[in-house]
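Step one of this worksheet: look at the structure below.
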């Protein structure tokens with residue numbers, strides 16, 4: 001019995017680790033088997049034909065390695081299928097991830113645009129609210145000023161008896177016209193003396209006389225006008241107005257202006273004046289008298 005043949009059968013009966021390893025790499029081991037067959041033929045080519053036939057069996061080497069045409073084809077196909085499955089699975093995952101990233105990016109952009117639009121809307125609303133608030137405040141101030149002007153008592157002309165008028169025109173004080181750019185006329189000084197002598201409190205206020213910046217050249221620039229600065233004391237302002245109305249001719253009054261109103265005669269009506277801006281320009285804090 002041939003020892004190599006018996007050994008090959010024994011190995012086929014109990015597969016070793018080597019045969020298991022070989023099944024995983026059929027192409028490599030087939031090449032090794034072919035090379036082994038060539039070596040065997042060279043080594044034993046000089047022996048008798050019968051002996052060469054006994055050992056030169058290439059198929060037994062393939063059998064020894066546990067390789068067959070069927071097993072090699074099956075293993076290669078299975079490996080290729082698994083590889084294709086892995087590639088397809090990875091491609092599917094990458095495609096899904098790319099699609100998800102695109103969807104998320106689109107959602108992020110939409111959210112950003114929504115936030116920007118919301119901020120713009122808030123800014124517009126805040127600006128509108130501020131403008132409405134400012135307009136409401138201006139309207140309220142204007143309404144309050146108008147209501148105050150309407151509620152202010154309108155000085156009514158009073159006719160004093162001749163004896164009382166004569167007694168009230170008595171002069172016992174000299175008016176100090178401190179706020180002036182020059183001397184006032186004699187008639188203006190005499191009228192001021194009568195006012196401070198007969199109207200309680202008139203002698204303690206500032207009297208404005210000559211000033212070159214006045215619009216009426218016949219008034220302050222000529223020394224023929226006085227400003228009785230009563231400030232917030234409307235009671236004193238009304239008393240000075242009433243005294244001039246009662247003694248219009250004696251004092252030589254041409255016209256009066258007080259609290260944004262004009263009076264041109266003792267028996268006439270007060271006329272509203274345009275808004276000149278400040279309380280002083282509107283004569284809210286002083287009585288202006290032009291003398292002849």
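Here, each number is a calculation from the coordinates, and none is a lab measurement. Here the structure is a predicted model, which means the values were calculated and not measured. Neighbour counts are summed over all protein chains in view; Cβ atoms, including those assigned to glycine, are modelled from backbone coordinates with ideal geometry.
Values as computed for the structure displayed
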| item | result |
| --- | --- |
| Anisotropy class of the range 162-246 from Cα gyration tensor, a/c 1.5 cut | prolate |
| DSSP bridge orientation in the range 162-291 - percent antiparallel, rounded to nearest 5 | 95 |
| Highest average packing first - 137-143, 234-240, Cβ atoms within 10 Å | 234-240, 137-143 |
| Highest average packing first - 174-186, 253-265, 80-92, Cβ atoms within 10 Å | 253-265, 174-186, 80-92 |
| Mean Cα-pair separation over length for the range 162-291, i.e. relative contact order, pairs under 8 Å, 6 or more apart, % | 23 |
| Most to least packed among 278-288, 220-230, 120-130 [average Cβ atoms within 10 Å] | 220-230, 278-288, 120-130 |
